[in-house]
1. How about the stretch B:71-128: which of its residues are facing another protein chain (nearest Cβ under 8 Å), modelled with pLDDT of 95 or more and loosely packed, with under 15 Cβ neighbours inside 10 Å?
2. Looking only at strands (runs of 3 or more DSSP E) that fall completely inside the stretch B:24-85, which ones have 1 or more residues that are under 19 Å from B:ASP5 (Cβ atoms)?
3. Is there any pair with a first residue in the stretch B:11-22 that is part of a strand (DSSP E or B) and a second that is modelled with pLDDT under 95 whose Cβ atoms are under 7 Å apart and which are 6 or more apart or on different chains, and what are they?
4. Would you please list the contacts, defined by Cβ atoms under 9 Å and residues six or more apart or on different chains, that run from a residue in the stretch B:68-92 that is on the phi > 0 side of the Ramachandran plot to a residue that is open to solvent by less than 40 Å² (accessible area, probe 1.4 Å) and in a strand (DSSP E or B)?
5. Quick test for you: out of B:LYS60, B:LYS8, B:LYS23, pick the one residue that is within 30 Å of A:LYS23 (Cβ to Cβ) and more than 15 Å from the chain's Cα centre (by Cα).
6. Is it the case that some residue within the stretch A:26-34 is touching a Gly at 6+ places or on another chain (Cβ under 6 Å) and either under 30 Å from B:ASN110 (Cα atoms) or within 9 Å of chain B (Cβ to nearest Cβ) (or both)?
7. From (1) within 13 Å of chain B (Cβ to nearest Cβ); (2) surrounded by fewer than 16 Cβ atoms within 10 Å (Cβ to Cβ), pick out the condition that doesn't hold for A:GLY65.
8. Got at least one residue in the stretch A:106-121 being in a strand (DSSP E or B), among the charged types (D, E, K, R) and under 18 Å from the mean Cα position of the chain (by Cα)?
There are 2 protein chains.
Amino acid sequence: MSFYDQLKFDANGLIPAIIQEQKTGRVLMMAWMNRASLEITIATGKTHFWSRSRQKFWMKGESSGHTQTVKDLAFDCDGDTLLIQVEQIGAACHEGYKSCFFRSVEGNGNVKTTEPQLETPEQIYGKK
Amino acid sequence: MSFYDQLKFDANGLIPAIIQEQKTGRVLMMAWMNRASLEITIATGKTHFWSRSRQKFWMKGESSGHTQTVKDLAFDCDGDTLLIQVEQIGAACHEGYKSCFFRSVEGNGNVKTTEPQLETPEQIYGKK
C-alpha cells in the first residue's frame, strides 16, 4: 500500500503542509499541497505547493531563491496534515522574516514582532 | 485594532492552529478553531478547537486529561494560520503518541513509526 492511500486530501484535493526548519525546530510556514505538488516535492527534494489564491503550482523559492530542501516528511494520525522538516535557504516568509509566524499576541491583546526582518520584500524580489 | 481583525477565518469560519510543544519544539498536532474557540482559548489559557467531523466545540484533554496550556500565540503573515506554543500534559495524539506526526515516509516510500507509543487509546480513554 502506498502512503498516499493513508492521506486524506480535502474536497478541493488539497492537504495542509506545515514546514519546520529541522536544525532549529522553528515552524516556518504552512501552505497547501495537492497530490501533484506532493509528488514533485518527493521526486525533487524541494518543496512545491498549490497556491489557492493564484490557482497555481509553485516551487518555494522560485522567485526569491529561498528554497527548501526536504529532510523528513511526516503525516498525522488522521492523514489530513503533513509535517515536513526542511533545510531553509534565507527567509521563508515573503515579508523577509525567517518564519511567517513573526508576530505574537500579548496578554493585553497587543501584537508584537518576535524576530528580526532579515531582508525587505524589495531586497528579496527586486533583485533579478 | 484588535488582532482578530488581522486574522482570516475561512468560508466555514475556521482557521487552522498548529500546536507546538514549547520546551521541545515538537509539533504536536494541527486542529481547527472558530472565533469562539479562539476566544475561549485565550480567556482560559487552555486550547479549545472546533471539530469539523463532529461539528462540535471541544477542549483538548476534556476526555483524556491531556490538556494544553497556552504559552504563546502567533499568527502568520497572511493571518490565515495560528501557531500556538503549549505545555502538553501526556500524549497529544488520541492514538497515544506524544505527537500526531508519529509516522514518516522513507525514501523508498515505506512508512516508519518515529516515536514510542506512550499509552494505548484504551489506557487513555478507558480510564474514568
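The values are calculated or read from the model by the stated rules, or taken from the named source; none is laboratory data. Remember, it's a predicted structure, so these values are computed and weren't measured experimentally. Cβ atoms come from the backbone with ideal geometry, glycine included; neighbour counts cover every protein chain shown. All accessible areas refer to the heavy atoms of the entire protein, side chains included, with ligands and DNA or RNA removed. Shrake-Rupley method; radii C 1.70, N 1.55, O 1.52, S 1.80 Å.
1. Within the stretch B:71-128, just B:THR114 meets the criteria.
2. The strands (runs of 3 or more DSSP E) meeting that bar are B:27-34, B:68-75.
3. From the stretch B:11-22, the pairs are B:LEU14/B:TRP50.
4. B:GLY79/B:ILE15
5. Working: B:LYS60 fails: more than 15 Å from the chain's Cα centre (by Cα); B:LYS8 fails: within 30 Å of A:LYS23 (Cβ to Cβ).
Exactly one residue qualifies, and that residue is B:LYS23.
6. yes
7. A:GLY65 satisfies all of (1) within 13 Å of chain B (Cβ to nearest Cβ); (2) surrounded by fewer than 16 Cβ atoms within 10 Å (Cβ to Cβ) except (1).
8. Taking the stretch A:106-121 first, the residues in a strand (DSSP E or B) are A:111-113, A:117.
Filter once more, keeping what is among the charged types (D, E, K, R): A:112.
Then drop every residue that is not under 18 Å from the mean Cα position of the chain (by Cα), which leaves none.
Taking every residue of the stretch A:106-121 in turn, none turns out to be in a strand (DSSP E or B), among the charged types (D, E, K, R) and under 18 Å from the mean Cα position of the chain (by Cα).
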